[in-house]
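Worksheet: the structure to be examined is printed underneath.
No lab work stands behind these numbers, since they all come straight from the coordinates. No experiment lies behind these values; they were computed from the predicted model shown. Because the Cβ atoms are built from the backbone with ideal geometry, glycine has one as well, and the counts that use them run over all protein chains shown.
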Amino acid sequence: MKHKTCFHCGLDASKSGITFDDKPFCCNGCKTVYEIFSINDLSCYYDLQAAPGATPKEIEGKYDFLNNDAIAEKLFEFKDGDVRIITLYIPHIHCSSCIWILENLNKLLPNVSSSLVNFGEKTVRITYNGNKLSLKSLVDLLCRIGYEPYISLENYESGKKKIDRSIIYKLGLAGFAFGYVMFLSFPEYLQVEGIWLEKYKHVFRWLMFTFSVPVVFYAAQDYFISAYKGLRSKLLNIDVPIALGISVLFIRSTAEITLDIGTGFFDSLTGLVFFLLLGKYFQQKTYAFLSFERDYKSYFPIGITKISTNGEESSIQVYDIEKGDRLLIRNEELIPVDCILMTGRARIDYSFVTGESETVSKKSGDKLFAGGKQLNGVIEVEVLKSVEQSYLTQLWSNDVFKINKENAFTTLTNKISKHFTIAVLLIAAMATSFWLVYDASKALNVFTAVLIIACPCAIALSAPFTLGNLLRILGKKKFYLKNASVIEQLAKINTIIFDKTGTITANKSSKITYEGERLSKEEEELLKNTLRGSNHPLSRALYSMLDEHKIVTLNDYKEHLGKGIEATFNTHKIKVGSATFVGHDTLQASTNTAVHISTNNNYKGKFTFYNDYRKGLSKLFKTLKQDYDLAIISGDNDGEKDNLTKLLPTKTKLLFNQKPDDKLEYIKYHQSEGAKVLMVGDGLNDAGALAQSDVGIAISENVNVFSPACDAILDASKFNHLYNYIKASKSAIKIIKWSFVLSFFYNIIGLYFAVTGQLAPVIAAILMPLSSISIVVFTTIATNLLGRKLT
Amino acid sequence: MSVIYVLLAISIAVALVFFIAFIIAVKKGQYDDSYTHSVRMLFEDEIIKEKSKK
């Protein structure tokens, strides 16, 4: 058969046999989306990008809670009369077709008046008529065309976000003032002699002063605040000499023009602030579509279906759930609270909470914990605890989540600035005392000149530009860092701890091997057909591994929850499931997951499931082992122990059956021994460990979906590059150190002029931008070279 | 009164106009999304084109 891909979503469509308009589709869902688009003259969607779509998911009832006005109210950005404005986060936004179709929403829904996509943030801002179109039908339509919005408890709390644009204002103001002051300084640079300048210089000078005032008091205010905070906690951070430099520049310049002894240094002052802010802005690269601060709130739904005593269903907010309530949990829904299962068959995926990949079957009367995902139809539960008191949510009350790692860490720049500030003050004092003896009239001039010229603009720019640029380069390589200081911390790591499930193993695939008597062709056919009917993840995995067989209708089929499946076809009987279920009592102790088979009551053998490790794992560990202490810490049982010891270098510590708290404690213990720990994890169960570690990296198969709070997110496909990324961060530190050397060189030249009392404004005006620009050029070139090595 | 004052006044006025325009642009959120516009401007009115073909 010719290999065909779905016209809508690009998945394999060779087996489905669905065609429409001579175009192949992988499923009816995709076909329906195509139909919707072609009826509404929106088929251009497919011209902009080939196969841009996503298969719409079954959402029956999932968004019922949007009919609850109290919930919907919280989601609106704006509401007045008919008009509603809502911003929805849609993870699927990925190409120009997505932008096009979402901005043409009004062709599908006439009541939508406008929709605007923000590609970087993956959001769409929709304005619509709230009286004619309900929020639920809007969301339903988006789901139907494959753009399911992601609405979680987090949206509920944040509501209307305030965007902080102050850095852009400050940068704009400083740049504006810098340009203008430079312009006004020109006559005096050129030293036009004569009456003309004598007559007008005061106007020029006071204009420069006027432009500098907002720069000093508004644009540069962060430096004063930070310096004050630093001094109060007895730290000489880099902002102390900067704030000192800015104030001395401003005071001396003002004094000079008032007393008419000189032009002042307003050009250098505004230029300095402009360059500093430029560095700050550059470093502030954020990935708008990623969130590094996620806690359970971003996983939890906003609304849930409550069943009242007389059997009526209604949607309520998750926070309104009370002890004793009856809730209806649908397929694929998350259980938001600790509860007891009342009716229905529950199969819970706790991988968010424990990292354990296998689902657990529960029967009526069993306790269910918050954070589990129901995978098997509808269940009814009775609530035991409210949201905040549930087992999972309590993990977040641990103090680690309140510490801001960035503040607790002394950056390289601040370390150097301590010595630097002391040295500058010493030089200033020495030069001043020399001049006091030699020529007292120049002493004050020299003192201020030293402080001005030593203002560590170039030093302050080294780290932001190096780290900011590397941050961008790593982002392109799918390693997303929360902020620039993570690079510095990463360079200091000496211990690396990995989680197992989902981190070093691939999430989806697992290796399956068969042991036992060979199955005949009929038996295999029967097995395949039996598995077809089951929704159990193990059945599905096994089903996709077996060869193709013709589809037959089984005479009898029965699924025993938590045990296995039983089926008959003609005279053959088959049992698939646990060892005891198929009648194989001589159970060998094997901790690996296995599915046993028996036909006509004869035991045949078992399929064993092994974890499939990520590509390049063994090699990565071998290279890492040379420089770092390694450990693996897993919430799973030790079934994979032998496999892992074979795969990994000797002396790698392996710990199994670790609860989320244990992981956190283990890292704390290592840190108390002086280790700098890098934790690599993936699930919510690692959240504590990720927060406790010096650097926490979350591995993610799809960076747009879930990842716990962390310092960095690494795309799973780049897992084997981890070593290179750490090495790059070390090289970045070297680049910063070299640019420090470069800026010291400029400082020495400047200090020569300052100490000898010859610092003219024009020298400062040349030296300061020159040193800043050369640092920017040096670090940019160096980091780009570094990035080129990182393929 | 020298012409230099007039020139200075004009230059400051022009500069301030641009500066205020910049502030308004930032305030309206024009700098929040620096990517989507580059794609959007390349869209034609595809829907109309489609209809005329039929």
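Take the Cα coordinates of region A:64-158, assign each an equal point scatterer, and use the Debye formula without solvent to give log10 I(q)/I(0) at q = 0.10, 0.12, 0.13, 0.23 Å⁻¹. Values returned for q = 0.10, 0.12, 0.13, 0.23 Å⁻¹ are -0.23, -0.33, -0.39, -1.32.
Ranked for footprinting exposure by Cβ neighbours inside 10 Å, fewest first, A:His8, B:His37 give B:His37, A:His8. Here, P(r) means the percent of Cα pairs in each 10 Å bin from 0 to the largest distance; for region A:1-55 it is 28, 60, 12, 0. Modelled label positions at A:Ile167 and A:His560, each set 7 Å beyond Cα in the direction of Cβ, lie 6.2 nm from each other. The ellipsoid that matches the Cα gyration tensor of region A:10-106 has semi-axes, each √(5λ) in whole angstrom, of 31, 17, 12, with the longest given first.
Extension gain, A:Asp69-A:Lys619: 0.36 nm per intervening residue step, less the Cα-Cα distance, totals 192.5 nm. Placing dummy labels 7 Å off each Cα toward the beta-carbon, the span from A:Lys646 to A:Ile766 is 7.2 nm. For peptide A:96-102, the mean count of partner chain Cβ atoms within 10 Å of a residue's Cβ comes to 3. Across region A:64-158, the relative contact order, built from alpha-carbon pairs under 8 Å that are at least six residues apart, equals 32 percent. Exposure proxy for A:Asp64, A:Asp267: other Cβ atoms within 10 Å of each Cβ, ordered fewest to most, give A:Asp64, A:Asp267. Helix A:221-232 and the longest principal axis of the Cα set of chain A meet at an angle near 90°. Report the full-extension gain for the segment A:Lys136 to A:Leu231: residue separation times 0.36 nm, less the Cα-Cα distance, to one decimal in nm. Length difference between fully extended and current span is 28.8 nm. Mean partner shielding of peptide A:114-120, defined as the number of other chain Cβ atoms within 10 Å of each residue Cβ, is 4. As a size descriptor, the averaged projected area of the C-alpha convex hull of chain A was calculated at 42.9 nm². The modelled label-to-label distance between A:Val437 and A:Ala50, using points 7 Å beyond Cα along the C-beta direction, is 8.3 nm.
By other beta-carbon atoms within 10 Å, ranking A:Ile304, A:Ile36 with the fewest at the front produces A:Ile36, A:Ile304. For a label point 7 angstrom out from the Cα of A:Asn784 toward its Cβ, which stretches of region A:251-282 have the backbone nitrogen within less than 20 Å? What the label zone holds, given the 20 Å backbone N cut-off, is A:278-282.
DSSP assigns beta bridges within the protein assembly as shown; of those with both partners inside it, close to 80 percent run antiparallel. Report the net charge of residues surrounding A:Leu133, where surrounding means a beta-carbon distance below 12 angstrom and charges are Lys +1, Arg +1, Asp -1, Glu -1. Counting the neighbours of A:Leu133, the net charge comes to +1. With the highest mean first, a sort of the peptides A:179-185, A:384-390 on other beta-carbon atoms found within 10 angstrom per residue produces A:179-185, A:384-390.
Please give the net charge around A:Lys122, taking every other residue with its beta carbon less than 13 angstrom from that of A:Lys122, where Lys and Arg add +1 and Asp and Glu add -1. Local net charge: -2. Counting Cβ atoms of other protein chains within 10 Å of each Cβ in A:178-185 and taking the mean gives 1.
Which of the pairs A:Lys31/A:Lys476; A:Lys676/A:Lys734; A:Lys122/B:Lys28; A:Lys500/A:Lys653; A:Lys478/A:Lys511 have their Cα atoms more than 23 Å apart in this structure? Pairs exceeding 23 Å: A:Lys31/A:Lys476; A:Lys478/A:Lys511. The stretch between A:Lys415 and A:Ser308 holds 32.3 nm of extra length on full extension. This uses 0.36 nm per residue minus the Cα-Cα distance. Relative contact order for chain A: 11 percent, from Cα pairs under 8 Å spaced at least 6 residues apart, divided by residue count.
For the Cα atoms of chain A, what angle does the longest principal axis make with the long axis of helix A:195-214, in degrees from 0 to 90, nearest 10? So the helix axis and the longest Cα principal axis differ by about 30 degrees.
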